[in-house]
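Reviewing the structure listed below.
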Amino acid sequence: MKFSLNQQIEEVERELSMRWNVYPGLIDRGKLPRRDAEYFMMRMAAVRETLARSEERRVGKECRSRWSP
């Protein structure tokens with residue numbers, strides 16, 4: 001199954017939201033070191049940014065192709 005970039009971005013954002021809600025409890029219970037939680041969040045945010053840039057490039061190419069003679 002193939003997913004669009006927008007669908008992939010939505011899924012990463014959903015995952016980030018879930019982690020923001022779950023990680024504090026794991027940290028408080030000593031199940032996840034704060035440093036690890038921050039590292040995991042930064043990695044997932046980097047994935048979101050990479051996908052967002054890919055989508056911006058795709059849209060930009062699409063717009064340029066419409067206006068080129």
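Throughout, read-outs are computed from the coordinates displayed, never taken from laboratory work. Quantities reported herein were computed from a predicted structural model and do not represent experimental measurements. Please note: Cβ atoms are built from the backbone with ideal geometry, for glycine as well, and neighbour counts cover all protein chains shown.
Taking the Cβ of residue 26 as the centre, find all other residues whose Cβ is under 14 Å away and add up their charges (Lys, Arg: +1; Asp, Glu: -1).
Details: positive: 19, 29, 31, 34, 35; negative: 28, 36, 38.
Overall, the nearby charge balance is +2.
Order 36-45, 6-15 from most to least packed using the mean count of other Cβ atoms within 10 Å. Don't skip to the end; give the middle numbers.
Working: 36-45: 12.7, 6-15: 14.3.
Per-residue Cβ counts within 10 Å, averaged per peptide and sorted highest first, yield 6-15, 36-45.
One chain, two ends: residue 49 and residue 13. Fully extended at 0.36 nm per residue, the span grows by 11.9 nm beyond their Cα-Cα distance.
Computed from the Cβ-Cβ distance with R0 of 35 Å, the FRET efficiency linking residue 5 to residue 36 stands at 0.80.
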